[in-house]
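Right, one structure below, let's go through it.
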Number of protein chains: 2
Amino acid sequence: MKTFSIGEVAAHFGLPISTLHYYDRQGLLPFVSKNTSGQREFTAADLNLIQTICCLKGTEMPIKEIRQYIDYVMAGPATIAERQQLLRHHKERVLAKQQQIEHDLVEIDKKIAKYDSPAAPQMITRELQFAAHEKEQHHLANPYH
Amino acid sequence: MKTFSIGEVAAHFGLPISTLHYYDRQGLLPFVSKNTSGQREFTAADLNLIQTICCLKGTEMPIKEIRQYIDYVMAGPATIAERQQLLRHHKERVLAKQQQIEHDLVEIDKKIAKYDSPAAPQMITRELQFAAHEKEQHHLANPYH
DNA sequence: GCTTGACCTAAACCATGGTTCAGGCTTTAA
DNA sequence: TTAAAGCCTGAACCATGGTTTAGGTCAAGC
């Protein structure tokens, strides 16, 4: 079982090295050791934890919260309940966001479908006219061209 | 059909007024007119467009791209194809991101389940020991406690 | 043994998406 | 008719999540 250089790890996860440095600075990689000449050596276990970090980041967990999670991990088995709570809470947020996106996508799909209709130019022209009319009614400048 | 003040619109969409000002500065609200004394008056049609902006923002479309879309809208029916392409492209990106999140959530769920097991403390202690062992093997400092 | 590519840190820089502040007009309700 | 609340602009400020630069050390191949 060999160890990996930062360049290898970066390539493996498709991240710039600078991002790994940044994560380290933010306290996300306290588990990564350095060899006697100061270079980071990543073990297999390290890669697993970085994989987890990538999952959390991929689901938009803020760095500070990832850091909290990592701190729990570093503290050993005593923090299992806290880790679980943190992950559960995160999961709920992500699911809620997924729901909202789902909803927004429906609206966007409606727009796409509308633009697909052969009657789209007429409909849109009418809408534009109505909008202009509405402005006029209220003695407002017409911003449409 | 009345018009709405910026405060009313902000309340309606659950946004700070400052965000609407910001959007206007970024060119997202060229369709909003001002009355003779310089205050914005939002019409019903304006609210519809802002609703669309909220959908795009809710699905993480960057401001610049929302602006492009709005520019197309302002240009009238001639840009229907461009609007559709923009929305289709956006939709694809959102779906891809949803997929990736789905995948990440599975991993997170595994963690949660693992922490749920009564054997979790033992498992985690063993993992920790193994990680420490791996470090030792490579003559690296043990960062765990 | 020397060059080249990989790595190190610290600090500066950057883009994005806002928020806050200052100073001044407008509208509304007492 | 006047005070309070609401709106205006421009500019400064901020947090987040990195990236870039500078100046130096380290390691691998020739």
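The values are calculated or read from the model by the stated rules, or taken from the named source; none is laboratory data. No experiment lies behind these values; they were computed from the predicted model shown. Here Cβ is always computed from backbone atoms with ideal geometry, including for glycine, and neighbour counts include all displayed protein chains. For the accessible areas, the whole protein counts, side chains as well, though only heavy atoms, and no ligand, DNA or RNA atoms are used. Shrake-Rupley method; radii C 1.70, N 1.55, O 1.52, S 1.80 Å.
Points worth noting:
- Heavy-atom accessible area with a 1.4 Å probe sorts A:MET74, A:MET123, largest first, into A:MET123, A:MET74.
- Summed buried accessible surface, chains A and B, 1.4 Å probe, nearest 100 Å²: 5400 Å²
- For segment B:1-78, the carbon plus sulfur part of the accessible surface works out to 52%, probe radius 1.4 Å.
- The charge dipole of chain B, taken about the Cα centre with unit charges on the Cβ atoms of Lys, Arg (+1) and Asp, Glu (-1), comes to about 340 debye, rounded to the nearest 20.
- Distances, shortest first, from the label point of A:GLY7 to those at the same position in the other copies read 6.2 nm; the point lies 7 Å along Cα to C-beta.
- With 10 Å bins from 0: P(r) over chain A, alpha-carbon pairs, percent: 9, 26, 19, 13, 12, 13, 7, 1
- Whole-Hz couplings from phi, Karplus 6.51/-1.76/1.60, listed for segment A:107-117; x for Gly and Pro: 4, 5, 4, 4, 4, 4, 4, 4, 5, 6, 4
- Taking all protein chains into account, the per residue accessible area for chain A stands at 54 Å² (1.4 Å probe).
- With its label point put 7 Å out from Cα toward Cβ, B:HIS133 sits 8.0 nm from the same residue's point in the other copies, in order from shortest.
- When the convex hull of its Cα atoms is projected in every direction, mean area for the protein assembly as shown (nm²): 19.4 nm²
- A:GLU41 long-range amide H proximity, modeled H, under 5 Å: A:SER33, A:LYS34, A:ASN35
- For segment A:84-145, with all protein chains in place and a probe radius of 1.4 Å, 57% of the accessible heavy-atom surface sits on carbon or sulfur.
- Each of B:ALA45, B:THR19, B:LEU105 was scored by the projection of its Cα onto the charge dipole of chain B, and the greatest displacement toward the positive side belongs to B:ALA45; charges sit on the C-beta of Lys, Arg, Asp and Glu.
- Residue-wise HN-Hα coupling along segment A:13-19, computed from phi with Karplus coefficients 6.51, -1.76, 1.60 (Hz; x: Gly, Pro): 9, x, 10, x, 4, 4, 5
- Here, segment B:36-120 is characterised by an Rg to Rh ratio of 1.26, where Rg is the alpha-carbon radius of gyration and Rh the Kirkwood radius.
- Of all aspartates and glutamates in the structure, the ones whose alpha carbon falls short of 13 Å from that of B:LYS2, not counting any fewer than 8 places away in one chain, are A:GLU134, A:GLU136, B:GLU41, B:ASP46.
- Rounded to the nearest 10 Å², the accessible area of B:LEU28 at probe 1.4 Å: 0 Å²
- Charges were assigned to the Cβ only: +1 to each Lys and Arg, -1 to each Asp and Glu. The resulting dipole of segment B:96-145 about its Cα centre is roughly 60 debye.
- For the protein assembly as shown, the Cβ-based charge dipole about the Cα centre amounts to some 240 debye (Lys, Arg positive; Asp, Glu negative; other atoms uncharged).
- Largest GNM mean-square fluctuation among A:VAL106, A:VAL94, A:VAL32, using chain A with Cα springs under 10 Å: A:VAL106.
- Residue-averaged [θ]222 nm for chain A, counting only DSSP H segments that reach four residues, each worth -39500 (n - 2.57): -23000 deg cm²/dmol
- Computed from phi, the 3J(HN,Hα) profile of segment A:57-65 under the Karplus parametrisation 6.51, -1.76, 1.60 (θ = phi - 60°) reads 5, x, 9, 6, 5, x, 3, 4, 6 Hz, with x in place of Gly and Pro.
- Under 29 Å from B:LYS64, Cα to Cα: lysines that are on another chain or at least 8 residues apart: A:LYS57, A:LYS64, A:LYS97, A:LYS110, A:LYS111, A:LYS114, A:LYS135, B:LYS34, B:LYS91, B:LYS97
- Distance between segment B:91-145 and segment A:64-117 - C-alpha centres, whole angstrom: 17 Å
- When the residues A:THR3, B:THR43 are ordered by accessible surface, computed with a 1.4 Å probe over the protein chains alone, the sequence from largest down reads A:THR3, B:THR43.
- Of all chain B C-beta atoms, the nearest to the rotation axis linking B with A is recorded, alongside its rounded Å distance, as B:GLN98, 3.
- Divide the volume of the convex hull around the Cα atoms of segment A:84-145 by the residue count and you get 129 Å³ per residue.
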